[in-house]
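See below for the structure under consideration.
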Amino acid sequence: MSWRTKVVWSEGMLLQPQHLQQSERHADHARHVLLRSTTPYAWGFAELEIDQAALTLGKLALVRAVGIFGDGTVFDMPAVDPLPEPIDIPSSMRDEAVVLALPLRRAGAREADAEDYEELVRHRVLESEVPDSNTAGERTAMLQLGQLHTRLMRAGEATDAWTTMGVARVVERRTDNQVQLDRGMLPPLLDVAGHAVIRAWLDELLGLLRQRGEALAGRMTQGGTGGVAEIADFMLLQAVNRNEAIFAHLAKSAMLHPQHFFEHALGLAGDLSSFRDSRRVARFGPYVHDDLALSFRPVMDDLRRSLSMVFEQSAIRIELHDRKHGVRVAMVTDVELQRKATFVLAVNANMPSEALRARFPTQVKIGPVERIRDLVNLALPGVTLTPMPVAPRQIPFHTGANYFELETRNSDLWRQLEQSGGIAMHIAGDFPGLDLAFWAIRS
């Protein structure tokens, strides 16, 4: 016979306590199967509060605990069920978990005990006068009620006869009797709000997303290059905006299961990985309900790196100002930019692209402002322009434009720019509709 089989009720049957007990077991089992089948990881703490004062006395005790055991047993301490007795922490105990334990329901075993509190009995029996809630007056009846018989015990002491959930991990008991707990240990939870650490992670992610979104939006409103880098910024802003809305919703939810939070955190990590050098998401471990720190910490570390990357525009447009006699001047005050960036001149004119590509480098002089007159009048060579086969991906592409790279390496003229007032360009010859754009691309 199954210990959880449904009772067949019939008229005239002699009602025995076993009928009600069997019916209760069947109902409990059906509820547990339904919950387990429709809700993954439907066990853990909804609320958990440890007695901080007891820790100073070398003990671990609970102030409040609400949740569901792995076998489906619901508990609410101390509102419905009594709190377990505090556990003494010996000085020899180090790096060991303490669990909340409840005896498992076993076929044929006694489940309630009124007197000697046998260790493996699930319920303690107490008598209480209960009023009739459907009848007027003060009619009461003395009932025997069962309260869960839970214990706090060391994880190593729990056998297969118990269903357990981790409460805390003891680091050590110091010489002053103060019990030091591992603040990074997270018990199994039904709600993110049930533990300050994991709730802080949710708030941190939402804050980082908002900060990154504001920074990206600010860059977009400034007007950008229109190149691939700006498109990447726009796509990143799109991912940030989408996830910010999702995590804002999660933060306001009445209840948020850690697995649901973990799934969205993984999705965010995957979205952001596309914008990192590796272009691929890191390999994270699976969700482990009874070791949430093991699951969440690698993901949180990865998200912090992705959301805290330093912003730096890879392409900077440098304004060219017209001067007399066909001279244009650009100011570059950043010495590091002069030394390390690649400088590109985009040239467009109303003439065949091949002719522009061949003629322009021979009819332009580039050098420090102070030396441009000598370079032109004495026909001295300036900074060399080298045609580029394609437009650099960091800057916008324009049909018909030619792109030239300034040869800044090993150029005495270019080194003189560090003490110069700017870069000067003198363009000889006739280039109808000439349009220039000067760019510095960070390495």
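The values are calculated or read from the model by the stated rules, or taken from the named source; none is laboratory data. Being a predicted model, the structure only gives us computed values, none of them experimental. Don't worry about glycine lacking a Cβ; one is built from the backbone with ideal geometry, like all the others, and counts go over all protein chains shown.
State which residue is modelled with the lowest pLDDT when the search covers only the range 1-55 and only residues that are surrounded by fewer than 12 Cβ atoms within 10 Å (Cβ to Cβ) and of a type in the set (Gly, Ala, Ser).
It comes out as 37.
What are the residues in the range 270-306 that are within 11 Å of the chain's Cα centre (by Cα) and either buried (at least 19 other Cβ atoms within 10 Å of the Cβ) or hydroxyl-bearing (Ser, Thr, Tyr) (or both), if any?
Correct list: 272, 296, 299, 302, 303, 306.
Return yes or no: is residue 137 more than 21 Å from residue 162 (Cα to Cα) and modelled with pLDDT under 80?
yes
Search the range 63-83 for residues that are under 15 Å from residue 44 (Cβ atoms) and assigned by TED's automatic domain parsing to the domain that holds residue 25 and pair each with any residue that is part of a strand (DSSP E or B) and at pLDDT below 95 when their beta-carbon atoms are under 6 Å apart and the residues are at least 6 apart or on different chains.
Close Cβ pairs (under 6 Å, with a partner that is part of a strand (DSSP E or B) and at pLDDT below 95) do not exist here.
Quick test for you: out of 37, 92, pick the one residue that is free of Cβ contacts under 8 Å to residues at least 60 places away in the same chain, on the phi < 0 side of the Ramachandran plot, under 35 Å from the mean Cα position of the chain (by Cα) and outside any strand (DSSP E or B).
Of 37, 92, the one residue that is free of Cβ contacts under 8 Å to residues at least 60 places away in the same chain, on the phi < 0 side of the Ramachandran plot, under 35 Å from the mean Cα position of the chain (by Cα) and outside any strand (DSSP E or B) is 37.
Residues in the range 307-325 that are surrounded by 15 or more Cβ atoms within 10 Å (Cβ to Cβ) and either at pLDDT below 80 or farther than 30 Å from residue 204 by Cα (or both): how many?
Matching residues across the range 307-325 total 7.
Residues are listed down the side, and each one gets a yes or a no for (1) closer than 20 Å to residue 320 by Cα; (2) at pLDDT 85 or above:
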{"position": "343", "(1), (2)": "yes, yes"}
{"position": "379", "(1), (2)": "no, no"}
{"position": "402", "(1), (2)": "yes, yes"}
{"position": "412", "(1), (2)": "no, no"}
{"position": "429", "(1), (2)": "yes, no"}
{"position": "437", "(1), (2)": "yes, yes"}
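Among the listed residues 217, 200, which satisfies the condition of being modelled with pLDDT of 90 or more and either among the hydrophobic types (A, V, I, L, M, F, W, C) or closer than 19 Å to residue 314 by Cβ (or both)?
One residue alone meets the criteria, 200.
Among the listed residues 205, 152, which satisfies the condition of being in a strand (DSSP E or B) and out of contact with any Gly (no Cβ under 9 Å at 6 or more places or on another chain)?
Matching residue, one of 205, 152: 152.
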